[in-house]
1. Please find, within region 463-477, the residue that is farthest from residue 421 (Cα to Cα) out of those that are assigned to a helix (DSSP H, G or I) and more than 24 Å from the chain's Cα centre (by Cα).
2. Just name the residue that is farthest from the ligand (Cβ to nearest atom) out of those in region 372-383 that are open to solvent by 10 Å² or more (accessible area, probe 1.4 Å) and closer than 21 Å to residue 550 by Cβ.
3. In region 266-325, how many are outside any loop (DSSP other than H, G, I, E, B), out of contact with any strand residue (DSSP E or B) (no Cβ under 9 Å at 6 or more places or on another chain) and of a type in the set (Asp, Glu)?
4. If you go through region 501-516 one residue at a time, do you hit one that is of a type in the set (D, E, K, R), part of a helix (DSSP H, G or I), open to solvent by 10 Å² or more (accessible area, probe 1.4 Å) and over 30 Å from residue 172 (Cα atoms)?
5. Within 30 Å of residue 175 (Cβ to Cβ) and of a type in the set (Gly, Ala, Ser) - does that describe any residue in region 43-59?
6. Could you check residue 123 against (1) at positive phi; (2) under 22 Å from the mean Cα position of the chain (by Cα) and say which number it fails?
7. The conditions are (1) open to solvent by less than 20 Å² (accessible area, probe 1.4 Å); (2) of a type outside the set (D, E, K, R); (3) over 30 Å from residue 474 (Cβ atoms), and residue 415 fails exactly one of them. Which is it?
8. Among the candidates 402, 409, single out the residue that is open to solvent by 70 Å² or more (accessible area, probe 1.4 Å), among the β-branched types (Val, Ile, Thr) and within 20 Å of residue 183 (Cα to Cα).
Amino acid sequence: MPAHDVLIIGAGLAGQRAALAAADAGASVAILSKVHPVRSHSVAAAGGINAALNPEDTWESHAFDTVKGSDYLGDQDAIEVMCREAPDEILWLEHAGVTFHRNGSGHLGTRAFGGASQARTYYVADITGQAILHVLYERLMQHHERVARYEEWFTTTLLQDEDGNCIGCVARDIRTGALEVFNAKATILASGGAGQAFKPTTNALICTGDGIAQAYRIGAPLMDMEMIQYHPTTLAENGFLITEGARGEGAHLYNALGERFMEKYAPNKLELASRDVVSRAEQTEINEGRGFPDGTIALDITKVPRKRTLEALREIVNIGKDFAGVDITREPIHIKPGMHYIMGGVKTDFEGQTSIPGLYAAGEVACVSVHGGNRLGANSLLDTLIFGRRSGAHAAARARGVAMPKSPVSVLDDAQGEIDAIFNRPTGGRRISEIKTELGETMNRYVAVYRDAEGLATALEIVQRLKQEAPSAAIDDKGTVFNQDVLGAIELGYMLDVAEAIVTAAQERRESRGAQFRTDFPERNDADWLHHITVSLNGDGPSLGTAPVTITRWEPQERTY
Ligand SMILES: Cc1cc2nc3c(=O)[nH]c(=O)nc-3n(C[C@H](O)[C@H](O)[C@H](O)COP(=O)(O)OP(=O)(O)OC[C@H]3O[C@@H](n4cnc5c(N)ncnc54)[C@H](O)[C@@H]3O)c2cc1C
């Protein structure tokens, strides 16, 4: 039974940064991932990472933009921490070997991003996540004496002792099907987002909300779950992302009448207003009949000099060609708002601590809350690194004062029993893929850019029906080696829990703020709703609570761009 000071579940940017920080603090670390670490979803991050590093910029300006972007729902103490520590984190990455873009004078160069009052996004062409992830992985391998890597291991359950402390997890070796108990003095969830609960989504197939549901199931409250980001520029058919970097480099949006419609909705920032504002503007144009017949808007990247596009946006040149048959350097590409990011997650403080002693969370799985109602582009990579590092350091400090826990062997029998029950499901019920598709399409229809009470009630009814159906969905593959079928069945359960929490919180918030726009409550209402909504598991379903929003220096104002 492996035992480590700090166990990290997830090896994307948050997990790897946490592992490095914990190892640097002297802890023995295990990092576990259901895919090879460099295939974690962070590898897809394109446009860049924010920091107020230029001498003419300030962390306070970055923090204010973030607070405003969050529609005043972000916790300002946490936002201050993130923005104050951002410049040093960028320098640390650069010194570690990340080849950030340099401008003509040889300095680190920036690009503009939405909702930012300065160009403060540092980038490596449009493969920023990949560039950072690979450098962190190299570092992780250098720490091989302290950091044990469990690659292609799937966590099924978090473990607690009699006093409620989190003491590790049960995981399945995907290569062999063997189950193992991992004990740890501190456990950090870094298992990413839940985009697959929507269809289509910009998120990879592995983003199934595992950590959010696992923490929820052992009693950790979730927060801001109603806040789902729809990114303004995704391909209609398959949800592929066209990075905000395109608009940062100068691309324009047009409706089918050839109007640059953002002039109406955000006369100052135009295409570089925050994402919730741009997505709503696009959806309004589409709903009111000014979109293209395929329900889209045109993104015109030909405004960017061709040479610059080929150099700085080369991945989306490929995506345009391969997935839409469009040469973006010569003609506009059709896009629409698409599900992209979950602002909510497991409620933590800014050391990554959840309400369960010994359990931490960092990255997209967590809600600190630095993004509140709407995340600014390029603030997520920053969030993963800052709070990944802080969680790793804090967890290592905790481990110094705690004895190594030991789980009873019976937990393994229980976990095996649950897997066996999936293998033994009688055939004849609905297929897992069918239930997943119905879930995703339901969420994308009723819990999207615009929402209302009727649609949310329909969504909840469907999600709850799917929760009834899922436990009898049989699998075809009964083998032990790389059995993705059984993992798919487990992931479906996680997505359904997450979806139920999202819909319930969206029903509860009877106002419009950030990514939650209720057509039946179209105004922001600070008097009644300037607080977080929390969701905890009560018996079999969600129960709602509230948590205060921390305001340090920026009182809520009207939000215009
Ligand atoms: C297309 C795209 C482009 C983006 N571009 C940007 C950008 O330019 N800038 C920006 O700031 N943000 C961007 N984002 C958002 C950002 O990439 C993510 O929010 C961030 O990378 C999440 O990192 P993470 O470490 O929290 O999780 P991930 O990178 O998703 O890692 C999750 C890890 O958890 C593991 N895991 C999950 N479940 C289990 C389980 N049950 N058992 C074991 N392991 C498990 C996975 O294997 C993986 O290692 C983008 C997002 C998308 C979709």
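1. The first filter runs over region 463-477 and keeps only residues assigned to a helix (DSSP H, G or I), leaving 463-472.
Filter once more, so that each one left must be more than 24 Å from the chain's Cα centre (by Cα): 465, 468-472.
Details: 465: 20, 468: 16, 469: 15, 470: 13, 471: 9, 472: 10 Å.
Taking the candidates together, the pick is 465.
2. Among those residues, the one meeting the criterion is 375.
3. 3
4. Yes, region 501-516 has at least one match.
5. Narrowing region 43-59 to residues within 30 Å of residue 175 (Cβ to Cβ): 43-45.
Next cut, of a type in the set (Gly, Ala, Ser) only: 44-45.
So far as region 43-59 goes, yes, one or more of its residues are within 30 Å of residue 175 (Cβ to Cβ) and of a type in the set (Gly, Ala, Ser).
6. If we test residue 123 against (1) at positive phi; (2) under 22 Å from the mean Cα position of the chain (by Cα), just (1) comes out false.
7. (3)
8. On the way: 402 fails: open to solvent by 70 Å² or more (accessible area, probe 1.4 Å).
So the residue among 402, 409 that is open to solvent by 70 Å² or more (accessible area, probe 1.4 Å), among the β-branched types (Val, Ile, Thr) and within 20 Å of residue 183 (Cα to Cα) is 409.
The values are calculated or read from the model by the stated rules, or taken from the named source; none is laboratory data. What you are looking at is a predicted structure, and each value in this text was computed from that prediction instead of being measured. Methodologically, a virtual Cβ is constructed for each residue, glycine included, from the backbone with ideal geometry; neighbour enumeration extends over all protein chains shown. All accessible areas refer to the heavy atoms of the entire protein, side chains included, with ligands and DNA or RNA removed. Shrake-Rupley method; radii C 1.70, N 1.55, O 1.52, S 1.80 Å.
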